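Remarks on the structure that follows.
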Amino acid sequence: MPCLSLLNLRDDCPGDFEPLAGVSLDFEPDSFNLVFGKAGSGRNRLLRLAGLMEAPQEGDIIVDGVPTRGWTSAERAEFRTRHFGFVFEAPLLIPGFNVAENIAMPLFKLTEATPEFARDEAQR
């Protein structure tokens, strides 16, 4: 069973970008997936939708069997905070923090973990 399914997504991208039309993809657990394309092809928009940062105009995103269509922005943010991780093209690190502290900070701030738990998890 896929851990993430994009079902017939349609989304008109703002600006001079190609709209997404009828995109369907499945992502299997423990898999490595690449998304690439030329500038303006909609790959960043697709990733924003798949990461629940935005909702598609049409279609649905299923995460672990749970449909997300109709979720509010707050519901998507809550789910994303607790279940998703992102690696950004340009890392957003806190100056003055070492690597472990930069990893621990989101655990501590967003999941309300204790500082000790966040530190231990970051160093695993």
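Sort out which residues of segment 53-65 are open to solvent by less than 40 Å² (accessible area, probe 1.4 Å) and touching a Lys or Arg at 6+ places or on another chain (Cβ under 8 Å), and write them in order of number. 56, 59, 60, 61, listed by residue number.
The residue of segment 34-52 that is most open to solvent (accessible area, probe 1.4 Å), among those that are touching a helix residue (DSSP H, G or I) at 6+ places or on another chain (Cβ under 8 Å) and at pLDDT below 90, is 36.
Restricting 68, 81, 111 to those that are modelled with pLDDT under 85, under 27 Å from residue 2 (Cβ atoms) and touching a Lys or Arg at 6+ places or on another chain (Cβ under 9 Å) reduces the list to 111.
Being of a type outside the set (Ser, Thr, Tyr), open to solvent by 40 Å² or more (accessible area, probe 1.4 Å) and touching a strand residue (DSSP E or B) at 6+ places or on another chain (Cβ under 9 Å) is not true of residue 119.
On the basis of being modelled with pLDDT of 85 or more, surrounded by fewer than 12 Cβ atoms within 10 Å (Cβ to Cβ) and within 29 Å of residue 109 (Cβ to Cβ), does residue 74 make the cut? So residue 74 passes the test.
Pairs meeting the criteria (first residue in segment 98-124 and within 16 Å of residue 82 (Cβ to Cβ), second residue open to solvent by less than 80 Å² (accessible area, probe 1.4 Å) and among the charged types (D, E, K, R), beta carbons under 8 Å, at least 6 apart or on different chains) are 107/121; 113/121. Return the pair list, or none, for Cβ contacts closer than 9 Å from residues in segment 29-45 that are among the polar types (S, T, N, Q) to residues that are open to solvent by 70 Å² or more (accessible area, probe 1.4 Å), at least 6 apart or on different chains. If the second residue must be open to solvent by 70 Å² or more (accessible area, probe 1.4 Å), the pairs left are 41/17; 41/18; 44/17.
Within segment 13-33, the set of residues being at pLDDT below 85 and loosely packed, with under 14 Cβ neighbours inside 10 Å comprises 14, 15, 16, 19. Considering only residues that are touching a helix residue (DSSP H, G or I) at 6+ places or on another chain (Cβ under 9 Å) and either without any contact (Cβ under 8 Å) to a residue 24 or more places away in the chain or farther than 21 Å from residue 10 by Cβ (or both), which ones fall in segment 55-84? Result: 55, 64, 66, 68, 71, 81, 82.
The values are calculated or read from the model by the stated rules, or taken from the named source; none is laboratory data. The model shown is predicted, which means the values in this text are computed figures rather than measured ones. In this analysis, Cβ positions are derived from the backbone assuming ideal geometry, glycine residues included, and neighbour counts consider all displayed protein chains. Just the protein is used for accessible areas: all its heavy atoms, side chains included, with ligands, DNA and RNA removed. Shrake-Rupley method; radii C 1.70, N 1.55, O 1.52, S 1.80 Å.
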